[in-house]
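Student: Structure in structure tokens, see below.
Nothing in this text is a laboratory measurement; each read-out follows from the coordinates by a stated rule. Not measured: the values here are computed from a predicted model. Virtual Cβ from ideal backbone geometry, glycine too; neighbours counted across all protein chains shown.
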């Protein structure tokens, strides 16, 4: 009887463990990289869908309320349906003008004192049109808050912001800056 001899397989067991651990580590690394690749592709797919919708919205650098609302039903929804994504497009207006009664040369110490110089114009409509969104989320829209219900908000989405010129009064004689928000999710 030989001391320490376990058998033909018994002597190889200690060398098999590092090989098995190496193979498992290699396969799990490949799986992790593949999941990261898929997640990045999904995020890029959302970004591409958002850019497609924003291209449909921002064909020109100016959006009137009537154009925004009429294009919502046709072009924006068509673009989003083609991309199979849910979306939310909101137009926010920043229609203020400098108050000529304020001294423009006085020192501005804080942002609040600067904001006091800016006043909304009398006939300015700062509210903007109602948001444009997918038909799939129509039941989750809260008109009073101009927002989605908290339970319907997606966990993963892509938000893009674009500056745009907007109509500031009812007869579209005053134009001002605005911001277009495009939110896209699956």
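Student: Roughly speaking, what is the stretch gain from residue 135 to residue 73, that is 0.36 nm per residue apart minus the C-alpha to C-alpha distance, in nm to one decimal?
Tutor: 21.3 nm
Student: Let me ask something else about it. Using a Förster distance of 41 angstrom, determine the FRET efficiency expected from the C-beta separation of residue 149 and residue 28, and round it to 0.05.
Tutor: Numbers: r = 40 Å, r/R0 = 0.97.
Efficiency computed from Cβ-Cβ geometry: 0.55.
Student: First measure r as the distance between the Cβ atoms of residue 37 and residue 94, then evaluate 1/(1 + (r/R0)^6) with R0 = 35 Å and state the FRET efficiency to the nearest 0.05.
Tutor: Working from the Cβ atoms, E equals 0.30.
Student: Expected output is a single nm value to one decimal: the length gained when fully extending between residue 170 and residue 20, i.e. 0.36 nm times separation in residues minus the C-alpha distance. What is it? Please report the intermediate quantities before stating the final value.
Tutor: Values: separation 150, 0.36 × 150 = 54.00 nm, distance 7.36 nm.
Net length gain for the segment: 46.6 nm.
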